[in-house]
Amino acid sequence: MTDCARPRSVAPLAALLLTMALAASPAGAQQNVANNPLTDIPAIQVQNYLQPVMSGQPGSGADQPFLRGIVPHDTFGWPQLMRASLAAGTTVWGPAGTESGLGDLTLFDVPLIQLANAKLGIGPLLILPTATSPALGERKWQGGVQGVVSAPYAWGLAAALVAYQQAFDGSARSLTVQPFLFYNLSDGFYVRSSGIATVDFGRQRAVVPLGLGIGRVRQLADGNVLNMYLEPQYSVVQSGIGQPSFQVFAGFNIQFPPGRAP
């Protein structure tokens, strides 16, 4: 394993965000509701990972947009949350050329359990082989288990997503862990960290990114809630070829409170 050096040009940004986090007073609960992965409000998420540097592959990179839909429901009288995520319009490039297309479609559904201040969800995970190229996805039917936990506080929110998935033919297995930390500032702003650590057992590679970014939550005139964010992430641990050494995560979410959904 090798450590990824942090570019000097981003040090001032990291210092500024850290200063804001330490100096600002905690805000209200609006940011917590907008950032909580277990908030039971219909939502649409548009997210993008720009990965200009890949370990062991000079001149290679990727741009991965994701389109997600979140649908709360009460099937069989139990509150649940379903999420569909499609890698839409992924582009990868390298010395051999550039390729674009769709990635795989990921679905999960988690029944929700309230545990004191925390909320827990755990349920089935299914991945459909919709990728248009082997470079853009596994292109294998996969199943697994998705777990989500979150806990709001006066200062912000702590949460985590943990998923294990395996191809039905046993050829691909991976574990992903995404811890979330959100520190609320004033006027809807917040500081965030949400890097996704991945262990790919099939290809024997792993990556652990560390992120530090900023976002803002705003209520729109129609009552819906807009959440915009930007988070540079640096891989403090890398193992294997083709892992993102540096990436920029950006996106926005729109929540549609009851009576406001389109």
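The values are calculated or read from the model by the stated rules, or taken from the named source; none is laboratory data. Just so it is clear, the structure is predicted and the values come from calculations on it, not from any experiment. Cβ coordinates were reconstructed from backbone atoms using ideal geometry, including for glycine residues, and neighbour counts include every protein chain displayed. These area figures cover heavy atoms from the full protein model, side chains too; ligands, DNA and RNA do not enter into them. Shrake-Rupley method; radii C 1.70, N 1.55, O 1.52, S 1.80 Å.
A few notes on this one:
- Scanning segment 221-251 for residues that are among the aliphatic types (A, V, I, L, M) and touching a residue at least 24 places away in the same chain (Cβ under 8 Å) yields V225, L226, M228, V236, V237, I241, V248, A250.
- Among the residues of segment 178-197, those identified as under 14 Å from P37 (Cα atoms) and in a strand (DSSP E or B) are Q178, P179, F180, L181, F182, R192, S193.
- Condition check for F66: of a type in the set (F, W, Y) and touching a Leu at 6+ places or on another chain (Cβ under 8 Å): yes
- Qualifying residue in segment 29-44 (condition: on the phi > 0 side of the Ramachandran plot, surrounded by fewer than 17 Cβ atoms within 10 Å (Cβ to Cβ), assigned to a helix (DSSP H, G or I) and at pLDDT 90 or above): no
- Any chance L125 is open to solvent by less than 30 Å² (accessible area, probe 1.4 Å) and either part of a strand (DSSP E or B) or touching an Asp or Glu at 6+ places or on another chain (Cβ under 8 Å) (or both): yes
- In the set I254, I214, only one residue is at pLDDT 95 or above, over 25 Å from G147 (Cα atoms) and in a strand (DSSP E or B); that residue is I214.
To keep it simple, each residue is scored yes or no on (1) closer than 21 Å to D63 by Cβ; (2) aromatic (F, W, Y); (3) surrounded by fewer than 16 Cβ atoms within 10 Å (Cβ to Cβ).
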| residue | (1), (2), (3) |
| --- | --- |
| G137 | yes, no, no |
| Q146 | no, no, no |
| Q165 | no, no, no |
| G170 | no, no, yes |
| F182 | no, yes, no |
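- For segment 90-117, the candidate set comprises residues that are in contact with a strand residue (DSSP E or B) (Cβ under 7 Å, 6 or more places away or on another chain), open to solvent by 30 Å² or more (accessible area, probe 1.4 Å) and part of a loop (DSSP other than H, G, I, E, B); within that set, the residue that is nearest to Y49 (Cα to Cα) is L102.
- For segment 67-80, residues that are within 23 Å of Y49 (Cβ to Cβ) and in contact (Cβ under 8 Å) with a residue 24 or more places away in the chain total 3.
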